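The structure appears below as structure tokens.
The values are calculated or read from the model by the stated rules, or taken from the named source; none is laboratory data. Since the structure is predicted, the reported quantities are computational estimates derived from the model, not experimental observations. Because the Cβ atoms are built from the backbone with ideal geometry, glycine has one as well, and the counts that use them run over all protein chains shown. Note: areas computed on protein heavy atoms with side chains; ligands, DNA, RNA excluded. Shrake-Rupley method; radii C 1.70, N 1.55, O 1.52, S 1.80 Å.
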Amino acid sequence: MDALVIGGTGPTGHFVVNGLLERGYRVAILHTGNHEVDEIPPIVEHIHTNPYDESELAIALGDRSFDLCVATYGRLRVIAQLLSGRVGRFLSVGGQPAYRGYMNPELLDPPGLPVPVSEERPLVRGPEEDEKAYRIIRTEEAVFRHHPDATHFRYPYVYGPYQAAPREWCIVKRIMDGRPHIILPDGGLTLHSFGYAENMAHALLLAVDQPQAACGQIYNCADEQTLTLRQTIEIIAAGMDHDWRIVNMPWELAMPACPLVMQPLTTHRVMDIGKLQQQLGYRDRVDPKEALMRTVRWLVANPPQADGVEHMVLQDPFDYQAEDLLVERWDAAMAGIEPVEFDSVPGYGMGYSGPGGRPRSSREFVE
């Protein structure tokens, strides 16, 4: 059996390629050739071309046909059209911004996506709402127009080695630079679905193994556990043995946290992956806490260059002088607020029995 993987050298690529090899496929990867990874064994064929250029792509593919195509990179609409009638199965990867409110939470009333977001949630209605998201939707339509039995995956932000937008670097670099504090908005309670590369590749390979169940389906993908932004920072700091102060500010003031929040509000982006779990039996291969630390170890050993694409994509200036001044002014403002006494101290409600809540009715604990 012959498989074509378009991409193959990104964060999920080598997991997919090696997974296909283990399943008995002869694998060819089509990519630019600008990046090669050691995890791809020599047995794999490399087709070097520009996956975004229709004419170059057509020349590179020639009249070849494949039993399976996994398209994770390039102009997906063009790839789907060129391979129409030439592949036994077509699996493709796109993004989650297709959902209405994902990139522009103000489109919804009240602002922000519901929690969680299933595959049945409304999509962006037109380019006037979000041009990028609308292009994603039209691309999905093209995939199924040319390959009605295709399987399409809506990937989240993918983390791990070789990732293009290493959000964790915003945390790791500050720790490596010995920063005494990090600024978080609104308690760092934002929930945002991410997917570790090995986990996301596993989701895709489940569809390879179960063609009937996956036929014609769209799946949300993400790690099973969604960590808050604060939990992410605390896990990384503990793993790097770094003690610092987390400075909580309102979102309107916490400008240095923009690259971590990755949207204009601190509302949630949590995907419902129940369909993936129920139909294909998905479970995380790697626990997100361990996945985070694997990512951290990679970043420490392979730090992004200051003038590299990762810094350009993240848009984090690491302006420590401005951050220190902001913390200084925040502390001064908080110190200047006189405490207010309430005639009756507000409580957590009679239903709460945790620390600081309703005391038990007897002095001694009775089971």
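Taken one residue at a time, the phi angles of region 216-229 give Karplus couplings (6.51, -1.76, 1.60, θ = phi - 60°) of x, 9, 10, 10, 5, 10, 4, 4, 5, 9, 9, 8, 6, 4 Hz. Gly and Pro are set to x. Over region 297-367, one equal point on each Cα, no solvent: what is log10 I(q)/I(0) by the Debye formula at q = 0.15, 0.18, 0.19, 0.25 Å⁻¹? Results for region 297-367 at q = 0.15, 0.18, 0.19, 0.25 Å⁻¹ read -0.79, -0.89, -0.93, -1.14.
For Met271, the amide hydrogen comes within under 5 Å of the amide hydrogens of Val117, Ser193, counting only partners 5 or more places away or on other chains and with H modelled in the peptide plane.
So what's region 61-183 giving for Cα Rg divided by 2.2 N^0.38 Å, two decimals?
Values: Rg = 18.5 Å, N = 123, 2.2 N^0.38 = 13.7 Å.
For region 61-183, the normalised Cα radius of gyration comes out at 1.35.
Pull up all non-local amide H partners of Ala165: gap of 5 or more, or a different chain, and H-to-H distance under 5 Å with H placed in the peptide plane. For Ala165, no residues qualify. For Phe15, the accessible surface of its heavy atoms amounts to roughly 60 Å² (probe 1.4 Å, protein chains only, rounded to the nearest 10).
What separates the Cα centres of region 79-144 and region 190-255 is a distance of 19 Å. In order along region 325-338, phi translates into HN-Hα couplings of 5, 5, 5, 4, 5, 5, 4, 5, 5, 5, 5, x, 8, 6 Hz, rounded to whole numbers, per the Karplus curve 6.51 cos²θ - 1.76 cosθ + 1.60 with θ = phi - 60° and x for Gly and Pro. The amide H of Thr190, built 1.01 Å from its N in the peptide plane, has Leu229, Arg230 as neighbours under 5 Å, considering only residues 5 or more places off or on other chains.
Leaving ligands, DNA and RNA out of it, rank Val313, Val366 by accessible area with a 1.4 Å probe, largest first.
Details: Val313 70, Val366 110 Å².
If we order Val313, Val366 from most to least accessible, we get Val366, Val313.
The simple spin-label model puts a point 7 Å past each Cα toward its Cβ; for Ser353 and Tyr320 those points are separated by 4.9 nm. Only protein heavy atoms count here; under a 1.4 Å probe, Asp149 has an accessible surface of about 110 Å².
Which order do you get for Asp67, Asp53 if you rank them by accessible area with a 1.4 Å probe, largest at the top? Write out the running numbers ahead of the final one.
Numbers: Asp67 75, Asp53 45 Å².
I get Asp67, Asp53, largest accessible area first.
For region 1-138, relative contact order (Cα pairs under 8 Å, six or more residues apart, normalised by length) works out to 19 percent. Taking all protein chains as shown and a probe of 1.4 angstrom, Asp287 keeps an accessible surface of around 80 Å². Since only Pro110, Gly10, Ile235 are under comparison, the one whose Cα sits farthest along the positive direction of the charge dipole of the chain, derived from C-beta charges on Lys, Arg, Asp and Glu, is Gly10.
About its Cα centre, what dipole magnitude does region 215-367 give when the only charges are +1 on Lys and Arg Cβ and -1 on Asp and Glu Cβ, stated in debye to the nearest 20? Don't jump to the answer; show the numbers that get you there.
Values: 13 positive and 23 negative charges, 155 e Å.
Charge dipole, region 215-367, about its Cα centre: 740 debye, nearest 20.
Atom-type composition of the exposed protein surface of the chain places 50 percent of the accessible area on carbon and sulfur (1.4 angstrom probe). Over the chain, accessible surface divided per residue gives 51 Å², non-protein components excluded, 1.4 Å probe.
I need the shape label for region 223-304. Rule: rounded when a/c is under 1.5, else prolate if a/b > b/c, else oblate, with a, b, c from the alpha carbon gyration tensor. All intermediate terms of the calculation are to be shown ahead of the outcome.
Values: a/c = 2.32, a/b = 1.29, b/c = 1.81.
Note, shape of region 223-304 comes out oblate.
With the simple spin-label model, which puts each label point 7 Å out from Cα in the Cβ direction, the Ala238 to Cys215 separation comes to 4.7 nm.
Sorting Leu205, Leu253 by accessible area (1.4 Å probe), largest first, what list results? List each step's numbers first, then the result.
Numbers: Leu205 15, Leu253 80 Å².
Sorted by accessible area, descending: Leu253, Leu205.
The Cα atoms of the chain define a convex hull whose projected area, averaged across directions, is 24.3 nm². Per-residue 3J(HN,Hα) values for region 27-32, derived from phi via the Karplus relation 6.51 cos²θ - 1.76 cosθ + 1.60 with θ = phi - 60°, read 10, 10, 10, 10, 7, 5 Hz in sequence order (x marks Gly and Pro).
Based on DSSP H segments of at least four residues, each scored -39500 (n - 2.57), the chain has a per-residue ellipticity at 222 nm of -10000 deg cm²/dmol.
Using a cut-off of 11 Å between beta-carbons, work out the net charge of the residues near Leu83 (Lys and Arg +1, Asp and Glu -1, Leu83 not included).
On the way: positive: Arg64, Arg86, Arg89; negative: none.
Net local charge, Leu83 excluded: +3.
Computed about its Cα centre, the charge dipole of region 71-182 is approximately 460 debye, with only Lys, Arg, Asp and Glu carrying charge at their Cβ.
Determine by what factor the alpha-carbon radius of gyration of region 1-109 differs from 2.2 N^0.38 Å, reporting the quotient.
Values: Rg = 15.4 Å, N = 109, 2.2 N^0.38 = 13.1 Å.
After normalising by residue count via 2.2 N^0.38 Å, the value is 1.18.
Site pair Ala306 and Leu253 shows an inter-label distance of 3.1 nm when each label is modelled 7 Å from Cα along Cα→Cβ. Of all DSSP-defined beta bridges confined to the chain, some 5% are antiparallel rather than parallel.
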